[in-house]
1. Can you list residues whose amide H is under 5 Å from GLY401's amide H, if they're 5+ apart or on another chain and H is modeled 1.01 Å from N?
2. Given labels modelled 7 Å from the Cα in the Cβ direction, how far is it in nm from LYS150 to ASP480?
3. For the stretch 263-338, what is the per residue volume of the convex hull drawn over the alpha-carbon atoms, in cubic angstrom?
4. Mind checking the full-extension length gain between GLU268 and SER367? Use 0.36 nm per residue of separation minus the Cα-Cα distance, one decimal, nm.
5. Once a ≥ b ≥ c are taken as the square roots of the eigenvalues of the Cα gyration tensor of the stretch 254-304, is the result rounded (a/c under 1.5), prolate (a/b larger than b/c) or oblate (a/b not larger than b/c)?
6. If we restrict to alpha carbons, what Rg and Dmax does the stretch 201-242 come to, in Å?
7. Restricting attention to the stretch 342-409, which trypsin sites (Lys or Arg not before Pro) occupy a DSSP loop and are surrounded by at most 14 other Cβ atoms within 10 Å?
8. Chymotrypsin sites (Phe, Trp or Tyr not before Pro), restricted to the stretch 315-405: which are DSSP loop and have at most 14 other Cβ atoms within 10 Å?
Amino acid sequence: MLPADLTRSATALAAAVRARRVTARTAADHYLGRIAAHDGAVRAFLHVDPAVVRAQADALDARIARGDTAGALLGVPVAIKDNLCTTGQPTTCASKILADYRPPYDAHVVERIRAEGGVILGKTNLDEFAMGASTENSGVAASRNPHDLKRVPGGSSGGSAAAVAAGLAPLALGSDTGGSVRQPAALCGIVGHRPTYGALSRHGLIAFASSLDQVGPMALNLEDCTLLMAVIAGHDSRDSTSRPGGFDAAAARRDDALSGLRIGVPAEYHSDALDPEVRAAVRQLEDLAVGAGARLVPLSMPLTPYAIPTYYLVVTSEASSNLARFDGIRYGPRDEQQELAASYATTRRRFGDEVKRRIMLGTYALSAGYYDAYYKKALQVRARIGEEFARAFARCDVLLGPTTPTPAFPLGEKSDDPVQMYLCDVFTAPAPLAGLPALSMPCGKSKAGLPIGAQLQGPTGADARLFAVARALERRLALDLSPLEAPRGA
Ligand code: GLN
């Protein structure tokens, strides 16, 4: 077992391994033991191979014994969302169509983690192909929220968020197309960051909607999230959208971020639909910021409610195009039939209902005769949303609001009603449409003990600023950011 202080901080764990206070193997065994004890209830992981995990840890310990203690993540296990390619472990997107897929290469971000001495712990559950907000669309099983096992952990990176919150992994990677890092982070009470579009490489991230997809770090606290972000960010020539320059970790750790900060507060983020406990927690955070020298700038961003329809037209159009590759001919398993069309159809029957729905909606929106009315119109509104953000950031440095309209909802509550599920994205869909960075941080709990998240959004490239502001708020909030000892509400 690891000492408690090391389970609360991945940063402390890496330092302890470097100082030879604990071995990488002890850390790996601790998390493998936690997974064995608790993942039956949480179902955060789709694949964990203890032998593969121990082999990575033992190789690190052998290197450390030779005196080589290089690596920012030395000996720290990291859980990886199962839409990121990993050698030696499957990559399935929680879809039956990729059930047997074993990638011949690592995603860029996975390469970076290994290069810094991190241990790939296992692959986490998600809504199939990252399409959803609860993990209930997983082709395997729904994950559970460790704060209340009868509730969803959010999605689509719900397995990653639940794993970190339940102390089954100290760090995790998710992906965020319209909120899939931030929304589960908020519902599970952890930190999750969606980087500026292009701030890190998506080489090896299985594509869902390419103009929106980003990989993002997830952690118990801002310091750990900074550590992981600094490892995975940076240019990679294998992703043509990757931006030059890395992540300014020193700026992310600045502790004077609140003094003189202009915090934009759009009225639309506090509509009547917002849960009163979420509103109260976010208002309290605003007060805290003002107490530390920040200034609130009241704003109106009337296009906010248009983000969901715009997002769902763009995302389904791009998904229908990206998922065309799983045809059983060029890619994916094949069900050979007499007729070619029948072969496609039987092969593609492996897709779950939500994936099929999105392929059909996207194909429709892109088809001749409907393209102008739907896809083209969505692109026009998307541009207007970007302009509205630009106007806001002429008047403020960051925007502050809730990450989600409510705390975690009960399993099954929205799974039969796609539109209700889509409405979960009301606050998280706008930033991706504009390519902007956004971060969710814990800001309190409901009376029932469910975590509440606050979202900070910033202009392009302002990732480090968001970290510094969140870090200053985190310090003043002084919440208990330890992982749960055991999942609750079985
Ligand atoms: N909930 C959103 C959707 O279903 C976001 C998904 C994501 O970010 N991957 O598309």
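Values in this text are rule-based calculations from the coordinates and carry no lab data. Quick caveat: nothing in here was measured; it's all calculated off a predicted structure. Positions of Cβ are backbone-derived with ideal geometry, glycine not excepted, and every protein chain shown enters the neighbour counts.
1. Under 5 Å from the amide H of GLY401: GLN455.
2. That separation, rounded to one decimal, is 2.3 nm.
3. Hull volume normalised by residue count: 183 Å³.
4. 32.3 nm
5. oblate
6. 11.6, 31
7. Sparse-neighbourhood loop trypsin sites (Lys or Arg not before Pro): ARG349.
8. Of the chymotrypsin sites (Phe, Trp or Tyr not before Pro), the ones in loops of the stretch 315-405 whose Cβ has at most 14 other Cβ atoms within 10 Å are TYR331, TYR370, TYR371.
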